[in-house]
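Worksheet for the structure shown next.
The values are calculated or read from the model by the stated rules, or taken from the named source; none is laboratory data. Predicted model only: the values in this text are computed from it and were never measured. Here the Cβ positions follow ideal geometry from the backbone for every residue, glycine too, while neighbour counts run over all protein chains shown. Areas reflect the complete protein model, heavy atoms only, side chains present, ligands, DNA and RNA absent. Shrake-Rupley method; radii C 1.70, N 1.55, O 1.52, S 1.80 Å.
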Amino acid sequence: MREHSNTGCDIAFRNAVIIDGTGAQRFSGDVAVKGDRIAAVGDLGGMVAAREVDCAGKVLAPGFIDVHTHDDNALLMRDAMAPKITQGVTTVVTGNCGISLAPITMKGPPVPPLDLLGGASEFRFSSFDAYIRALETDGTPVNAAPMVGHTTLRAAVMKNLDRPASDSEIAAMQELIRECVEAGAVGMSTGLFYPPAREAPAQEVSALLEALGGTGAVYTTHMRDEGDHVCDSLKESFDTAAGAGAPLIVSHHKCTGRDNFGRSRETLAMFDHACAHQPVSLDVYPYAASSTVLLDDYMRKAERIMITWSEPHPEISGRYLDDIAAEWGCEQAEAFQRLKPGGAIYFIMDEEDVRRILSYPHSMIGSDGLPHDRHPHPRLWGAFARVLGHYARDVGLFSLETALHKMTGLSAEKFGLKDRGVIRVGAFADLTLFDPASVIDRGTFEAPAQPAAGIEMVMVNGAVALDGGRITGARPGRALRRAA
Ligand code: ZN
Ligand code: CU
């Protein structure tokens with residue numbers, strides 16, 4: 001993989017500790033970038049570069065791929081991608097959990113959880129192609145690999161979402177999926193856990209996955225149940241994906257509720273077993289607290305709850321539900337109802353499960369950050385830096401090579417992102433330079449909106465997006481359409 005070239009290049013990273021994203025051991029050397037690609041890797045002493053970057057003591061890695069995001073609309077906004085760029089992320093996979101911005105337009109307010117992406121006026125793309133073209137016209141700070149969401153499709157073709165789709169509605173959704181895949185969608189997601197998709201039986205999902213047509217487009221799922229019935233839901237997910245021949249990615253894998261603490265031993269054994277028969281993997285965020293809209297089921301199960309936004313009570317963002325209830329002189333359950341519509345952070349997982357899932361060989365890192373929350377879960381600003389600084393360096397859960405593989409090479413492979421996620425000659429120049437001694441997440445549950453420490457330079461398609469820790473404002477990101 002080391003090559004020499006004497007021709008000039010645009011930028012040369014010198015004396016870096018290179019970790020190439022494949023999981024291979026680090027080595028020291030130089031990396032040269034020309035145009036949007038990596039031109040050479042190795043000892044490049046003879047090469048002339050328009051810009052030299054001294055990387056002594058720093059790690060140069062492929063730019064991080066955030067495989068679980070809700071950045072569909074944030075990508076199109078002016079400054080909403082700062083939480084990702086400052087962490088070293090160069091590609092985001094959008095449309096997770098059944099929620100995608102396209103293809104749908106709305107009159108009334110979006111049904112939760114679609115409102116995680118914004119109000120009705122934000123849902124402005126009647127076709128997936130129009131959405132992808134908007135990404136390309138305005139340019140985006142990082143690359144986007146978009147998926148289409150099942151809940152969005154249901155909302156687009158069904159009046160009432162509290163029942164299974166009829167045959168004609170399934171046919172209409174299949175038609176939309178074919179258009180999305182044609183336009184370049186990298187996969188389809190479901191959010192069967194959420195009320196507007198909960199009544200969709202497995203057969204509905206199977207029928208829709210058929211429309212992916214064996215293109216290799218992935219199926220990602222926020223499963224029907226991540227608590228008491230987590231194993232049943234896993235089985236359902238394996239079966240539906242296998243039936244349609246779609247590669248499966250289980251979203252933000254976790255076991256919720258005290259009664260289910262420790263059950264990742266069972267669920268990961270199920271993954272091991274499934275892996276022998278079909279392509280399955282999973283993503284995970286490095287925290288023992290989840291975050292989503294206000295859901296009664298979670299309210300009952302969580303150890304503690306912090307409100308992240310509330311439409312009727314915006315002033316309450318960032319406060320704990322027990323404190324709010326005490327102040328209002330009511331039960332927590334009643335306060336919870338009065339805060340709707342809104343969102344919350346739920347302390348609902350076991351740290352040992354989080355570590356076991358993070359360490360699992362087939363798990364990738366996804367932030368599941370919610371960019372439009374007033375007081376977001378700190379994963380939005382910190383997931384990647386936390387895996388590198390806290391879990392790899394401080395806790396010693398795995399090597400830095402393994403940590404980086406889970407956020408680069410493995411992710412590109414699972415989502416079919418060609419020439420991304422690795423440092424090698426000819427790959428796209430998506431690169432992140434960081435200090436392995438100081439990299440860490442700084443956002444906390446109390447003060448989440450803090451850029452990560454230790455990320456020094458980020459390059460997207462050969463253009464500098466973060467320089468000396470500062471965002472340049474460049475929009476060199478591309479829509480990564482699934483290759484035909
Ligand atoms: Zn989800
Ligand atoms: Cu999600």
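Hey, does segment 132-154 have a residue that's over 25 Å from ALA474 (Cβ atoms) and assigned to a loop (DSSP other than H, G, I, E, B)? No, because not a single residue in segment 132-154 is over 25 Å from ALA474 (Cβ atoms) and assigned to a loop (DSSP other than H, G, I, E, B). The one condition from (1) away from ligand 1 (no atom under 16 Å from the Cβ); (2) open to solvent by less than 10 Å² (accessible area, probe 1.4 Å); (3) touching a residue at least 60 places away in the same chain (Cβ under 8 Å) that ALA12 does not meet is (3).
A quick yes/no check of all residues on (1) within 16 Å of ligand 2 (Cβ to nearest atom); (2) in contact (Cβ under 8 Å) with a residue 24 or more places away in the chain; (3) surrounded by 24 or more Cβ atoms within 10 Å (Cβ to Cβ); (4) under 19 Å from VAL93 (Cα atoms):
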| site | (1), (2), (3), (4) |
| --- | --- |
| HIS372 | yes, yes, no, yes |
| ARG386 | no, yes, yes, no |
| ARG393 | no, yes, no, no |
| SER399 | no, no, no, no |
| GLY426 | no, yes, no, no |
| ASP430 | no, yes, yes, yes |
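Being closer than 26 Å to SER233 by Cα, open to solvent by 30 Å² or more (accessible area, probe 1.4 Å) and within 16 Å of ligand 1 (Cβ to nearest atom) is a description that does not apply to PRO164.
For segment 77-98, the criterion of a residue being open to solvent by less than 10 Å² (accessible area, probe 1.4 Å), over 23 Å from GLN450 (Cβ atoms) and of a type in the set (A, V, I, L, M, F, W, C) is satisfied by at least one position.
What strands (runs of 3 or more DSSP E), lying completely within segment 209-287, carry at least 1 residues that are charged (D, E, K, R), within 16 Å of ligand 2 (Cβ to nearest atom) and buried (at least 24 other Cβ atoms within 10 Å of the Cβ)?
By residue number, 280-284.
Name the one entry in ILE316, ILE365, ILE345 that is of a type in the set (A, V, I, L, M) and over 30 Å from PHE434 (Cα atoms).
ILE316
Out of all the residues in segment 96-109, is one or more away from ligand 2 (no atom under 16 Å from the Cβ) and in contact with a Cys (Cβ under 9 Å, 6 or more places away or on another chain)? Yes: one or more hits.
Cβ-Cβ distances below 9 Å connect the following pairs, each with a first residue in segment 90-108 that is assigned to a loop (DSSP other than H, G, I, E, B), a second residue that is within 16 Å of ligand 1 (Cβ to nearest atom) and among the charged types (D, E, K, R), and a separation of six or more residues or different chains: GLY95/ASP72; ILE99/ASP72; SER100/ASP72; LEU101/ASP72; ALA102/ASP72.
For segment 204-249, filtered to residues that are among the polar types (S, T, N, Q) and farther than 23 Å from TYR285 by Cα, the residue that is nearest to ligand 1 (Cβ to nearest atom) is THR240.
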